[in-house]
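Single-structure report; data block below.
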Amino acid sequence: MSHDKVIKDSDIGYTREQIGWPYQEMKWLSEEEAKKANRKRNELLKSISGKVLKHFNESKISTGPLSPGCITCGKGIWSCIFIGSQCTAKCFFCPQNRKNEKNEAPNESGLIFDNAEDYVDYLGKFKFKGVSFSGGEPFLKFKEVLTYIKKIRERLGNGIYIWVYTNGDLVDKNNLKALKKAGLNEIRFDIAAKKYSLKAVKMAIGIIDRVTVEIPAIPEDYETLKKCLPLMKAIGVAHLNLHQLLANQNCYRQFIDRHYTFLHQPNIAVLESEMTALRLIKYALDENIGLSINYCTPIYKHRFQKKGYRERLQSYIKENYENMTEYGFIRRLSIQDIPVNIEKLSRYLKKGNAPTICGFLKKTTINYFFIIRF
């Protein structure tokens, strides 16, 4: 059996287990469809080759510079705090459980931060350089957002880049000015939640230093979004961040109803969403729109966001005989045998001047372990 076949079967098996019984209801990409989709995708990529910037091992492309916040994300030095879970919108693509009426406490990476002081301690401990406020809708907890931003600026200064996500429902000039005064660098609008209205976006321009539109690439909305591109550029939007739609237990049913095609690993991405993102980038380049469009892929999130999380932790838990891989995993080699054989191996390795040999024996009740850093 080929290596690719093993990987493919492993991905399918894992996804089946993750999804459970709804797996059979979902339209998964077949081998024949994959060949056709790859041809079309390669044509799109070829058409924009040399015209786009590539970032983070070519897992992300853009038509212009990335936001400073996106750069901190790629470097693994960004913290996203979910300040609350309630929202004013009911987007079909939302990955959160909208049936849960309880507003969750502020949290990040599974950690609860009931007060701003604790959160700033966390930011300082792990040396974050980027912070974003998400939800739910952060403006539903506007006082808390202001408190957290002020405390970050008070204790950590201007070395942290701060932005907030919103659908724009509760945005007005007063709260925008309050955010600016508190130290907000950027605001990102999900205009897909507002039928692509730019009213709130336009309001923020001239108050907040950097205004961005961040939305999923929705296949049915391609023509609508295409018309929005020159309007965004004209009013001063700094960036358009596009995401590939991802399915989970809270939104997969809506995706099935829209006849989307699902992909195995990483995550459960929607094929048509990536094609839409690439088509929009091609259109923007062909028409010289001039708007900086960044396509944030699941591969990027899988490789770099998770790598950043692992790297933040490894400096606190990695032993001196362990090594860190390119993707932030901790790695060690240990050999177990009877003492006489371990001692022979130790002498042999040291004689060979292996520079990464830790050269110590760890005794157990039965045998010895020789641990090697490599």
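The values are calculated or read from the model by the stated rules, or taken from the named source; none is laboratory data. From a predicted model like this one, the values you see are computed outputs, not experimental measurements. All Cβ positions, even for glycine, are placed from backbone atoms using ideal geometry, and neighbour counts span all protein chains on display.
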Are any of the residues in the range 200-210 in contact (Cβ under 8 Å) with a residue 60 or more places away in the chain and in the same structural domain as L271 (by TED's automatic domain parsing)? yes
Scan the range 20-53 for residues that are free of Cβ contacts under 8 Å to residues at least 40 places away in the same chain and farther than 14 Å from L278 by Cβ and jot them down. G20, W21, Y23, Q24, S30, E31, E32, A34, K35, K36, G50, L53
Filtered residue count, the range 27-63, keeping only those that are assigned to a strand (DSSP E or B) and under 18 Å from T212 (Cβ atoms): 5
Matching residues in the range 279-307 - criterion: being closer than 19 Å to P68 by Cα and touching a strand residue (DSSP E or B) at 6+ places or on another chain (Cβ under 7 Å): L291, S292, I293, N294, Y295, C296, T297, Y300
Selection from the range 243-271 of residues that are in a loop (DSSP other than H, G, I, E, B) and polar (S, T, N, Q): Q244, N248, Q249, N250, T261, Q265, N267
Somewhere in the range 168-175, is a residue in contact (Cβ under 8 Å) with a residue 12 or more places away in the chain, over 18 Å from K90 (Cα atoms), touching a strand residue (DSSP E or B) at 6+ places or on another chain (Cβ under 8 Å) and in the same structural domain as N294 (by TED's automatic domain parsing)? no
Could you tell me whether the range 83-100 includes any residue that is within 17 Å of R153 (Cα to Cα) and at pLDDT 90 or above? no
Suppose we filter E223, E274 for residues that are within 19 Å of the chain's Cα centre (by Cα) and either in a helix (DSSP H, G or I) or aliphatic (A, V, I, L, M) (or both); which single one remains? E274
Looking for whichever is part of a helix (DSSP H, G or I) and either among the acidic types (D, E) or modelled with pLDDT of 80 or more (or both) here; the options are E326, E343. Which one fits? E343
All positions within the range 91-144 that are part of a strand (DSSP E or B), of a type outside the set (F, W, Y) and surrounded by 13 or more Cβ atoms within 10 Å (Cβ to Cβ): N107, E108, G130, V131, S132, S134
Among the candidates K127, K141, which residue alone is on the phi > 0 side of the Ramachandran plot, touching a residue at least 24 places away in the same chain (Cβ under 8 Å) and basic (K, R)? K127
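Results for (1) of a type outside the set (A, V, I, L, M, F, W, C); (2) surrounded by fewer than 18 Cβ atoms within 10 Å (Cβ to Cβ), shown as yes or no for each residue.
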site: Y252; (1), (2): yes, no
site: I256; (1), (2): no, yes
site: H259; (1), (2): yes, yes
site: P266; (1), (2): yes, yes
site: A269; (1), (2): no, no
site: I281; (1), (2): no, no
site: I289; (1), (2): no, no
site: C296; (1), (2): no, no
site: H302; (1), (2): yes, yes
Does at least one position in the range 186-202 carry a residue that is assigned to a helix (DSSP H, G or I), among the aliphatic types (A, V, I, L, M) and more than 23 Å from H243 (Cα to Cα)? no
Could you please find all residues in the range 214-236 being without any contact (Cβ under 8 Å) to a residue 12 or more places away in the chain and among the charged types (D, E, K, R)? E223, K227
Give the residues of the range 186-196 that are in contact with a Ser or Thr (Cβ under 9 Å, 6 or more places away or on another chain) and either more than 12 Å from V145 (Cβ to Cβ) or not assigned by TED's automatic domain parsing to the domain that holds L231 (or both), sorted by residue number. E186, R188, F189, D190, I191, A193, K195, Y196
Would it be correct to say that L170 is surrounded by 16 or more Cβ atoms within 10 Å (Cβ to Cβ) and either under 29 Å from E223 (Cβ atoms) or not charged (D, E, K, R) (or both)? no
Just wondering, is there one or more residues in the range 64-85 that are assigned by TED's automatic domain parsing to the domain that holds H243, more than 18 Å from F189 (Cα to Cα), in a loop (DSSP other than H, G, I, E, B) and more than 15 Å from the chain's Cα centre (by Cα)? yes
